[in-house]
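One structure is given below, encoded as structure tokens.
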């Protein structure tokens with residue numbers, strides 16, 4: 001569990017540093033707002049994906065379910081932030097600095113939306129498989145102890 005927490009924090013740190021860099025010359029308060037809002041949106045998205053990924057997974061207790069849920073949501077929020085937010089920050093900066101025209105912006109937004117949808121489908125399956133794997137290992141350990 002400690003390793004997962006360290007990896008997650010490290011992933012968040014990389015994502016935040018990358019976003020900060022990609023936001024270019026935008027003033028610091030706007031950068032902070034973008035980063036906080038971006039991570040919050042990724043968190044909400046991750047919760048939704050998680051909720052739809054585990055209807056068939058049965059946990060032996062509410063405590064185990066909460067631990068698995070919190071760990072996976074925290075980890076996948078960090079991963080989603082790393083995959084999507086730095087590129088979104090870069091696009092946001094280019095639009096504000098008028099470095100790209102509207103057509104280029106629309107194309108890049110469409111690419112980001114396709115990437116988001118792809119991430120959602122992949123992540124939904126992966127979260128379900130991960131939860132089933134965790135429960136399988138848990139059940140094996142419980143049966144070995146008997």
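Rundown of residues vs (1) over 14 Å from the mean Cα position of the chain (by Cα); (2) surrounded by fewer than 18 Cβ atoms within 10 Å (Cβ to Cβ); (3) in a helix (DSSP H, G or I), yes/no style:
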residue	(1), (2), (3)
86	no, no, yes
89	yes, no, yes
110	yes, yes, yes
115	no, yes, yes
125	yes, yes, yes
134	yes, yes, yes
144	yes, yes, yes
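Give the range 47-65 a look and list any residue that's in contact (Cβ under 8 Å) with a residue 40 or more places away in the chain and over 12 Å from residue 135 (Cβ atoms), or say none.
Result: 49, 50, 52, 53.
Which of the residues spanning the range 1-54 are at pLDDT below 90, buried (at least 19 other Cβ atoms within 10 Å of the Cβ), more than 14 Å from the chain's Cα centre (by Cα) and part of a helix (DSSP H, G or I)?
Passing the criteria: only 53.
The values are calculated or read from the model by the stated rules, or taken from the named source; none is laboratory data. Treat the numbers as computed from the prediction; the structure is a model and nothing was measured. In this analysis, Cβ positions are derived from the backbone assuming ideal geometry, glycine residues included, and neighbour counts consider all displayed protein chains.
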